[in-house]
Amino acid sequence: MTATRPTEALAEPVERVGRGWTAALSLANGAIWVGWYGPLQILLASQAKDFAPGSGMSKEAMLAWVTGAGAAVSLVANPLFGALSDRTTSRRGRRTPWIVAGAAGGALSLLLLAGAGGVWTMAAGWCLVQLTLNAAFAAVTAAVPDRVPRLQRGSVGGWLGAAQILGVVGGTGLATAAGGVGAGYAACAVFTVVGVVPYVLRYEDVRLAVADRPAWSWRSFVAGFWLSPRRYPDLGWAWLTRFLINLSNALVLLYLLYYLRDRLHYGDPDQGVLILTAVNGVTLLATVVVGGVWSDRVGRRKPFVIWSGVLMAVATAALAGWQTWPGAIVAAAVLGVGFGVFTSVDFALMTDVLPKALDRGKDLGVINVANALPQVAAPALAAPIVTYLGGYRVLYLVSAVIGLAGAVLVGRIRGVD
């Protein structure tokens, strides 16, 4: 595929992208999620269990603290690197240099995390992983509005969503099958690098002309990260709905390993997490691309996002009321159906409400804060609920209410059908 001329870098794309471009970008996206979710699902929890004795912290509190610190880094890193890629005038384009640097840095950070000897080095390593992989993720995300016309973004978003869940399943599988914490981190690191290679080598990126880059000013650069909800109300409501639904999902995932071990007394909780993740992945894959394509064909976004959010809330409530292994499997399957549609169509909806082409990377980075902020809020909310306020039943009821609120508030977005 030949890249568009530099003068078209800020234009709205009109030429449909091919299957090869979509597949390569999706693989790169999946590789980044392997680097995130191998640690999040298995490896960090295992390290917290090993480091907690004698530290004065429970394994739950340690895991919450480490993941919360990494998520705080992510809050800053994603919009920051998105903004830097917006201003990049490299011969390799605006996004590709950051995909390369982020994936390579993420792999090295995962290897450093494998050698952590305690909670402080564990937290530092995870923060480095979040910093570097968010540089790559911001660039991958921004490539879509750079190259994909509006009425193809639902289907492309669907394939990116499919790659995302395959990355979650793949990261969990690599971490489980590798046979140890160090080997698990090494396997995730290798896949993170290998997965971005086809996109980087095969497809030229859109280049920004030096004349199109705005003059540099720290004040304007920093001020640009504030997107006024009053000035851009649709963007504000879209951000809030994504935040609430992702917070609900984060509350479900955070203590899943401990839920299986301590509440359901499942014999092999590591294997149980992998089974639930696989069940969730199968049903998600069954709906994520179909939902995006269907949304493109009918030209509507909001009904898909609303009803997928409602379905996810119902499944989360089922975890509170049906606390058995079969109940967990059913909830994982239904959550996958809802989250599949939400993932693809919500992504398309977000790209439809972006204010300016010059700031696509930065604005999507600000929107992606709604993905990272729940990782900070979820531990702060979940730890006291599980410890003091009623345990896992109350946790999942609170999660269901939060997700339902996010689904309902999608109706406040006025500029998108």
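The values are calculated or read from the model by the stated rules, or taken from the named source; none is laboratory data. Everything numeric in this text was worked out from a predicted model, so none of it was measured. FYI the Cβ positions are ideal-geometry reconstructions off the backbone, even for glycines, and counts take in every protein chain you see. Surface areas here come from the heavy atoms of the whole protein model, side chains and all, with no ligands, DNA or RNA. Shrake-Rupley method; radii C 1.70, N 1.55, O 1.52, S 1.80 Å.
One table, with the values for the structure above:
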| quantity | calculated |
| --- | --- |
| Full-extension gain in nm, Val290 to Trp322, via 0.36 nm per residue minus C-alpha separation | 8.6 nm |
| Residues whose placed amide H lies under 5 Å from that of Gly93, excluding near-sequence neighbours | none |
| With every protein chain in place, the chain: carbon and sulfur % of accessible area (1.4 Å) | 66 |
| Ellipsoid semi-axes in whole angstrom, largest first, where each is sqrt(5λ) of the Cα gyration tensor of the chain | 33, 24, 20 |
| Nitroxide proxy distance, nm - points 7 Å out along Cα→Cβ at Thr121 and Val401 | 4.3 |
| Using a Förster distance of 25 Å, the FRET efficiency for Leu108-Val282 (Cβ separation, nearest 0.05) | 0.15 |
| Rel. contact order, % - alpha carbon contacts under 8 angstrom, at least six apart, region 1-150 | 36 |
| Two-site label geometry, His265 and Ser90: point separation in nm, points 7 Å out along Cα→Cβ | 5.5 |
| Size-normalised alpha-carbon gyration radius of region 1-132, reference 2.2 N^0.38 Å | 1.31 |
| Accessible surface, per residue, of the chain when the full set of protein chains is kept, probe 1.4 Å, Å² | 39 |
| Proximal lysines to Lys59, defined as alpha-carbon separation beneath 16 angstrom and excluding residues fewer than eight positions away on the same chain | Lys49 |
| Ranking by accessible area, most exposed first, for Trp237, Trp226, Trp65 with a 1.4 Å probe | Trp226, Trp65, Trp237 |
| Residues of type lysines that Lys302 reaches as a straight line, Cα spacing below 28 Å, ignoring anything fewer than 8 places off in the same chain | Lys356, Lys362 |
| CD proxy at 222 nm, helix term only [per DSSP H run n ≥ 4: -39500 (n - 2.57); per residue of the chain; nearest 500] | -25500 deg cm²/dmol |
| For region 88-175, with +1 on Lys and Arg beta carbons and -1 on Asp and Glu, the positive-most of Gly171, Thr96, Leu113 along the dipole | Thr96 |
| Efficiency of FRET from Cβ geometry, Val298 and Leu389, R₀ 41 Å, rounded to 0.05 | 0.45 |
